[in-house]
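Data block below; observations after.
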Amino acid sequence: MDGWQDAGQEQMHHYFYNVQQELMQQSGSVPSYTIGMMPVPGSSSSSGTSGFVPSTTAPGVPIISHPPAITYRPIRPSDLEVLQEIHEALFPIKYEAEFFMNVVHGKGIISWAAVDSNRSDLQCDELIGFVTARVVTATEGEESDMLGYEMLKTERSLIYILTLGVIKPYRNCGIASALVWEVIHYASRISTCRAVYLHVISYNQSAIHFYQKNMFHCLRRLHNFYCIEGRYYDAYLYVYYVNGGRSPCSAVDLLTVFTGYVRSFFTSMASRLF
């Protein structure tokens, strides 16, 4: 799917935010909903476990007893301790301290936090959800074949979602969608960026449904992509294209390549005749 224009992305982001607010005002607590997580350098697992989140709650998090007021901001150094606690509670692999330091200081990782300003004074700016991601070049490893053909040979980049999580009492409220759309909107404002992508473990149907609902396109299934406690699992590669990016071998790509060959042929013939 081609990227939205900036105005369209703004509208979609506000749509998810408004839906989220309506849902949270209707219910004091929400059922569990698993989202996703991606392999990152510094994790103790050999390949990470994208889309694998047990139904657990971070320590000390009560059931919501007030109408939430969710706002979004960058993750800051003051979030370090809570960020680590939530990752440990939600994800089955252990992230190294370096990963968290890079997140809170923005060293090679971009991030957004969700907070509930209606919580008590001591918790009104405390994380209840987050997304972390990094910008990569389109020539790195498997990413080199994610994009379709472009006539202009410009440098292209991608954004890879690393971890995404919402603590249990706040799930199914649209917070995860709003966080993902923060990433998409950010990507759309980078002129060289062509896609936002991530991996989801094959059996996590709730995560698969979540990304499909947010209009991500499943590009391929990767065999034995994850190794968790000695067992191998397949993964799906999901992509959301921005700024005119598109999947490889699309009809548009084939037409573009064919047109390029025809133009080159006639240009060559004309140069010989004249």
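Here, each number is a calculation from the coordinates, and none is a lab measurement. Values in this document were obtained by computation on a predicted structure and should not be read as measured data. For neighbour counting, all protein chains shown are included, and Cβ atoms are generated from backbone atoms with ideal geometry for every residue, glycine included.
Assuming R0 = 22 Å, what is the FRET efficiency of Arg231 and Asp145, from their Cβ-Cβ distance, to the nearest 0.05?
0.20
Find how much the distance from Asn214 to Ser117 grows on full extension, using 0.36 nm per residue of separation minus their present alpha carbon separation; answer in nm with one decimal.
Full extension of this stretch gives 32.4 nm more.
Tell me, in nm to one decimal, what length is gained between Glu98 and Gln205 on full extension, where the rule is 0.36 nm per residue of separation less the Cα-Cα distance?
Taking Glu98 through Gln205 to full extension adds about 35.4 nm, to one decimal.
Taking 8 Å as the Cα distance limit and 6 or more residues as the minimum spacing, I'd like the relative contact order of the stretch 149-233 as a percentage.
In percent, rounded to a whole number, it is 29.
Using modelled amide H (1.01 Å from N, peptide plane; none on Pro or chain starts), what sits under 5 Å from the amide H of Leu162, excluding residues fewer than 5 places away?
Thr132, Ala133, Arg134
List, in order, the whole-Hz ³J(HN,Hα) value for each residue of the stretch 231-245 obtained from phi through the Karplus relation with A = 6.51, B = -1.76, C = 1.60 and θ = phi - 60°; use x for Gly and Pro.
10, 9, 9, 6, 9, 9, 9, 10, 9, 10, 8, 10, 6, x, x
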